[in-house]
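Below: one structure, written as structure tokens.
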Amino acid sequence: MRKLRILVIAVFILSLACVAGYTVMERITADHTPPVLTSGSDSISVSVSASEEELTQGLSASDDKDGDLTQDIRVSSMSHFTERGKRTVTYVVFDSANQAATLTRELIYTDYVPLRIQLNAPLRLDINDMTSGNLEEIMQAQDCLDGDISNQIRVSMGDTAYSSELTGEYGIVAQVSNSAGDVCSVPLTVTVVDASSQEERGKYYPTLSQYIVYTPVGQELNPSDYLIGLEHNGEAYQFGSQAEADLDALGEEIQNLPSASDVTVSGTVDYNTPGTYQVAYSYTSADGVTAVTNLAVVVEEQ
């Protein structure tokens, strides 16, 4: 019995020695040195459509045990814009021991287009349809990084208190942002009308090719360039057209066709000061009813 105990103890001690030896050897031979990730420059300029391979150009990575790891470099994260069109990008590479090396450099987009909200119809709603959802439905935002983000546009009422029982003009703010943190926020004016009223049915609204336009500071626009015709109760007439169908659609018996010169354009835009300005296009019918369509002119800092 005593010999058996001695044998068990000996086996136990031998096992401990083996485990200790293995642990020591593993620590001696283990890879404790992370890979090295380097860049030929502190920044990279690429297109907004650049692939990951293009984003990692100019980088190299190596490890004392695994050798060249350049092909294993990956984009780890991208920051929001530090300024429009510029952000920081962080790269990472792992060695076979799962040790990581990271590197950050500036990323400059060579073809970034600022995020902008567009309108595909005038901001004019019937009093029974005046909801933010209806307003957002006629707005679009196409981003060069994220694609169509129209469903992310949010509309809030401006400083003017909205009354669900009163027609008139009300201030709103439309805003959208992309994944890089670029924000487009535009104060606009929505016209609330009573489509069932006799006066409203008699209006001929000027129609425009665009209802929001953007221009850099110092670059003036000609508001008349955006005027294309008139609209009456959902039917459109294009200036310059001689088609009788257009006249019939308007439902107005006139000797001379209306022209762009019959529309009054008013409003002051300070092209030297960033901001959003309103230009009004008004047309008075033969019955003396005046209708107004608004254009928002956004003057941007360069």
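Each residue, residue 36 and residue 106, gets one label point 7 Å from its Cα in the Cβ direction; the gap between the two is 2.6 nm. Treating the Cα atoms of the range 31-110 as identical point scatterers in vacuum, please give the log10 of the normalised Debye intensity I(q)/I(0) at q = 0.16, 0.20, 0.23 Å⁻¹, two decimals. With one equal scatterer per Cα and no solvent, log10 I(q)/I(0) is -0.57, -0.82, -1.01.
In this structure, residue 65 and residue 45 have a Cβ-Cβ separation that, at R0 = 45 Å, corresponds to a calculated FRET efficiency of about 0.85. Extension gain, residue 120-residue 270: 0.36 nm per intervening residue step, less the Cα-Cα distance, totals 51.5 nm. Which whole-number percent of Cα pairs in the range 41-187 have a distance greater than 17 Å? Counting every Cα pair in the range 41-187, those more than 17 Å apart make up 68 percent. Measuring with a 1.4 angstrom probe and ignoring ligands and nucleic acids, residue 53 comes out at about 140 Å² accessible.
The values are calculated or read from the model by the stated rules, or taken from the named source; none is laboratory data. Worth saying up front: this structure is predicted, and the values here are computed from it rather than measured. Here Cβ is always computed from backbone atoms with ideal geometry, including for glycine, and neighbour counts include all displayed protein chains. Just the protein is used for accessible areas: all its heavy atoms, side chains included, with ligands, DNA and RNA removed. Shrake-Rupley method; radii C 1.70, N 1.55, O 1.52, S 1.80 Å.
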